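Novice: The structure is given below, and queries will be raised subsequently.
The values are calculated or read from the model by the stated rules, or taken from the named source; none is laboratory data. Being a predicted model, the structure only gives us computed values, none of them experimental. Here the Cβ positions follow ideal geometry from the backbone for every residue, glycine too, while neighbour counts run over all protein chains shown. Protein only, heavy atoms only, side chains kept; ligands, DNA and RNA dropped before computing areas. Shrake-Rupley method; radii C 1.70, N 1.55, O 1.52, S 1.80 Å.
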Amino acid sequence: PAAVALVVIPGPIVSVLFERGAMSTADSAAIARVLAIYGFGLPAFALVKALTPSYYAREDTATPFRFAVISMVVNTALSAVLFTIIGYAGIALATVLASWLNIALLFRGLRRRKNLTIDSRLRGRLPRVGACSVIMGGVLWIAAGALSNALAGSLLVKGGALVLLVIGGLASFGILALLFGVVRRDDLSRAFRRQ
């Protein structure tokens with residue numbers, strides 16, 4: 001859901017957090033474009049942290065290091081090529097593509113060794129998480145359009161509108177997750193009881 005939010009509402013995020021003083025509206029638009037591209041890579045950036053410990057637990061630090069070097073070389077080459085084609089956004093796109101390559105290599109390596117199995121619970125819930133995220137993205141897009149005047153206002157007004165977008169996104173994803181069965185009420189009650 002966070003990745004979808006970065007793709008759908010990068011403008012308000014950048015505008016509220018950074019646009020003041022030396023930074024112009026054009027600068028915000030350029031940074032928002034890059035933030036949206038990085039949004040597509042956010043799941044890959046997180047998955048690296050989830051997959052590499054499986055290698056480390058088996059005392060294999062060389063394989064993930066090798067995959068990281070391959071990804072870095074690909075990132076550098078793609079950055080050079082894409083920068084000449086689409087400018088600064090090409091560097092962000094190269095980083096995202098190289099990160100997904102790293103995930104593909106890590107995933108394939110674990111699957112070959114039979115050290116990674118995807119259980120039925122994950123297979124069942126992952127598409128539903130994706131659907132909830134996409135619908136939440138639609139809600140955010142509509143809400144950002146409805147709040148467009150506020151998002152063009154003073155810093156305080158823009159900040160309030162961004163807070164509304166964040167709360168609305170969280171609330172819509174939470175409600176959708178319950179409706180789609182991603183999270184069940186008994187799962188929530190068990191989690192609260194543990195804490």
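Novice: Among the residues in the stretch 152-164, are any open to solvent by less than 30 Å² (accessible area, probe 1.4 Å) and either under 20 Å from Cys132 (Cα atoms) or among the aromatic types (Phe, Trp, Tyr) (or both)?
Specialist: No, the stretch 152-164 contains no residue that is open to solvent by less than 30 Å² (accessible area, probe 1.4 Å) and either under 20 Å from Cys132 (Cα atoms) or among the aromatic types (Phe, Trp, Tyr) (or both).
Novice: Output the residues belonging to the stretch 105-121 that are of a type in the set (S, T, N, Q) and without any contact (Cβ under 8 Å) to a residue 24 or more places away in the chain. First the steps, then the outcome.
Specialist: Restricting attention to the stretch 105-121, the residues satisfying the condition of being of a type in the set (S, T, N, Q) are 115, 117, 120.
Selection gives Thr117, Ser120.
Novice: Could I ask something else about it? Determine whether Val7 is within 30 Å of Leu170 (Cβ to Cβ) and in contact (Cβ under 8 Å) with a residue 12 or more places away in the chain.
Specialist: yes
Novice: Test each condition in (1) of a type outside the set (Gly, Ala, Ser); (2) closer than 30 Å to Val139 by Cα; (3) touching a residue at least 60 places away in the same chain (Cβ under 8 Å) for Leu51 and report the one that comes out false.
Specialist: (2)
Novice: Then there's this: Considering each of Ala98, Ala36, Ala50 in turn, give the residue that is more than 30 Å from Leu151 (Cβ to Cβ) and surrounded by 18 or more Cβ atoms within 10 Å (Cβ to Cβ).
Specialist: That would be Ala98, the only listed residue that is more than 30 Å from Leu151 (Cβ to Cβ) and surrounded by 18 or more Cβ atoms within 10 Å (Cβ to Cβ).
Novice: When you go through Leu116, Leu110, Leu140, Leu93 one by one, which is the residue that is out of contact with any strand residue (DSSP E or B) (no Cβ under 8 Å at 6 or more places or on another chain), under 22 Å from Leu164 (Cα atoms) and open to solvent by less than 80 Å² (accessible area, probe 1.4 Å)?
Specialist: From the options Leu116, Leu110, Leu140, Leu93, the qualifying one is Leu140.
Novice: Taking the options Ala80, Ala68, Ala92, name whichever one is in contact (Cβ under 8 Å) with a residue 24 or more places away in the chain and closer than 30 Å to Asp27 by Cβ. Walk me through it before giving the result.
Specialist: On the way: Ala80 fails: in contact (Cβ under 8 Å) with a residue 24 or more places away in the chain; Ala68 fails: closer than 30 Å to Asp27 by Cβ.
Sole residue among the options that is in contact (Cβ under 8 Å) with a residue 24 or more places away in the chain and closer than 30 Å to Asp27 by Cβ: Ala92.
Novice: For the stretch 177-189, how many residues are part of a helix (DSSP H, G or I) and in contact with a helix residue (DSSP H, G or I) (Cβ under 6 Å, 6 or more places away or on another chain)?
Specialist: 1
Novice: Filter the stretch 55-65 down to the residues that are open to solvent by less than 50 Å² (accessible area, probe 1.4 Å) and in contact (Cβ under 8 Å) with a residue 24 or more places away in the chain, then identify the one that is nearest to the chain's Cα centre (by Cα).
Specialist: The selected residue is Pro64.
Novice: Still on this structure, I have one more. Can you pull out every residue in the stretch 122-137 that is touching a residue at least 40 places away in the same chain (Cβ under 8 Å) and open to solvent by less than 60 Å² (accessible area, probe 1.4 Å)?
Specialist: Residues satisfying the conditions are Arg125, Val129, Ala131, Cys132, Ser133, Met136, Gly137.
Novice: Here is a further query. Is it fair to say Ile9 is crowded, with 16+ Cβ neighbours inside 10 Å and under 30 Å from Leu156 (Cβ atoms)?
Specialist: yes
Novice: Here are the criteria: (1) crowded, with 16+ Cβ neighbours inside 10 Å; (2) in contact with a helix residue (DSSP H, G or I) (Cβ under 8 Å, 6 or more places away or on another chain); (3) not aromatic (Phe, Trp, Tyr). Tell me which single one Gly174 does not satisfy.
Specialist: (2)
Novice: Taking the condition farther than 14 Å from Ile13 by Cα, in a helix (DSSP H, G or I) and at pLDDT below 95, does Leu156 pass?
Specialist: So Leu156 does not fit the description; no.
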